[in-house]
Amino acid sequence: MILRQVLRGLPVLLVAVWLATGIYTVQSEELAVVKRFGRVVDRGVPSGIHYRLPWPIDSHETFEATTVYKMGVGMITRDYLRGIQSPEELSLWLTGDTNILSVTLMIQYSVVDLPAYLYRMEGAQFLMARLAEAALSDVLGSIGVDDALTTERPSIALKVRQQTQQRLDAIGAGISINFVNVLSVDPPSQVIEVFRDVSNAAADRERIINEANGYANSVIPRARGEANWIVERAMADRDARIAEANGESSRFLAVLKEYEKIPEATRTRLYLETLEEVLPRVTQYIVDADKDSPFHLKVLDLDREP
């Protein structure tokens, strides 16, 4: 009797267990995709406890959607992450002026459309690597080797990111490129020493030019200052000489006016003023004719009182 009751309830129990298998959990850093007979019916189930129809009707697959993934260009990514040097031939690219450069990039990306990434695009990482390599070839093929090594290096990563993202969006890969980092832009190992010599020579040239410009910037203002000082001093001397000449001219005209009034008195006064100015600066020798010896001289110092 009991066995018969158990056998009757067994199908119900099995159905209950089967229905219970539709309960599943999504972790906080994950998203889930629910498929019904292989067709996606829920594209992004968030974290938490959820229910779907039991297998084989429904199935689900979880994926770490918040993880930022890395992929190398011009190298083997797993070898780089382990610190192993990749073969150099993987990183050789041709520039616009037909030179060869060794360039490596690291691309960081995340998944924004989980079903497209999982089911629509088989080998999405492999495809993205090829698209990034094609973008890098296009970018390097439009610039020269000198620009790639110097001024254009920051723009290489930006252009590769933009072109690769455009091509991924065009095919619906469900991938968003967060960042592209240029790890190295170097000449091939066979000629790197020659490139370094050229780079050092260019750096020395720039240093010498900067030093010359610095010297010129220090000398030219000083020379201009000295020139301005000389000009100002000359102008001041000119003004002083003009003023002095004007004063002398005015004095002469005043004397001439007095001379025209009383010529004799003016002539005498001028003669006496000239003697007063000249005689104190000289020593006078006067011969006294009253003495017996003609060589007896008397020295007269006009600065002293008689």
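The values are calculated or read from the model by the stated rules, or taken from the named source; none is laboratory data. Just so you know, these numbers come straight off a predicted model, no measurement behind them. Ideal geometry is used to build each Cβ from the backbone, glycine not excepted, and the neighbour counts take in all protein chains shown.
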Q.
Taking the conditions exactly as written (touching a residue at least 40 places away in the same chain (Cβ under 8 Å) and either touching a Gly at 6+ places or on another chain (Cβ under 6 Å) or among the β-branched types (Val, Ile, Thr) (or both)), does MET106 satisfy them or not?
A. yes
Q. Does ALA254 satisfy being of a type in the set (A, V, I, L, M), modelled with pLDDT under 90 and under 30 Å from THR150 (Cβ atoms)?
A. no
Q | Test set (1) in the same structural domain as SER184 (by TED's automatic domain parsing); (2) in contact with an Asp or Glu (Cβ under 9 Å, 6 or more places away or on another chain) - ILE84 fails condition number | A | (2)
Q: Within region 66-104, track down each residue that is buried (at least 18 other Cβ atoms within 10 Å of the Cβ) and either modelled with pLDDT under 85 or not in a strand (DSSP E or B) (or both).
A: GLY74, MET75, SER91, THR95, ASN99
Q | Qualifying positions in region 126-147 - buried (at least 16 other Cβ atoms within 10 Å of the Cβ) and under 24 Å from the mean Cα position of the chain (by Cα) | A | LEU136, VAL139, LEU140, ILE143, VAL145, ASP146, ASP147
(Q) Looking at region 27-57 only, could you name the residues that are surrounded by 17 or more Cβ atoms within 10 Å (Cβ to Cβ) and modelled with pLDDT of 80 or more? (A) ARG52
Q. Do the conditions hold for ASP42, that is, is it of a type outside the set (S, T, N, Q) and under 30 Å from PHE195 (Cα atoms)?
A. no
Q) Is there any pair linking a residue in region 143-157 that is over 20 Å from ASN200 (Cβ atoms) to one that is of a type in the set (Asp, Glu) and not in a helix (DSSP H, G or I), with Cβ under 6 Å and at least six apart or on different chains, and which? A) ILE143/GLU152
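A quick yes/no check of all residues on (1) assigned by TED's automatic domain parsing to the domain that holds SER91; (2) closer than 30 Å to ALA134 by Cβ; (3) surrounded by 10 or more Cβ atoms within 10 Å (Cβ to Cβ); (4) modelled with pLDDT under 90:
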{"site": "GLY174", "(1), (2), (3), (4)": "yes, yes, yes, yes"}
{"site": "VAL180", "(1), (2), (3), (4)": "yes, yes, yes, no"}
{"site": "SER184", "(1), (2), (3), (4)": "yes, yes, yes, yes"}
{"site": "PHE195", "(1), (2), (3), (4)": "no, yes, yes, yes"}
{"site": "ALA202", "(1), (2), (3), (4)": "no, no, yes, yes"}
{"site": "ARG205", "(1), (2), (3), (4)": "no, no, yes, yes"}
**Q.** Number of positions in region 105-114 that are in contact with a strand residue (DSSP E or B) (Cβ under 7 Å, 6 or more places away or on another chain) and surrounded by fewer than 18 Cβ atoms within 10 Å (Cβ to Cβ)
**A.** 3
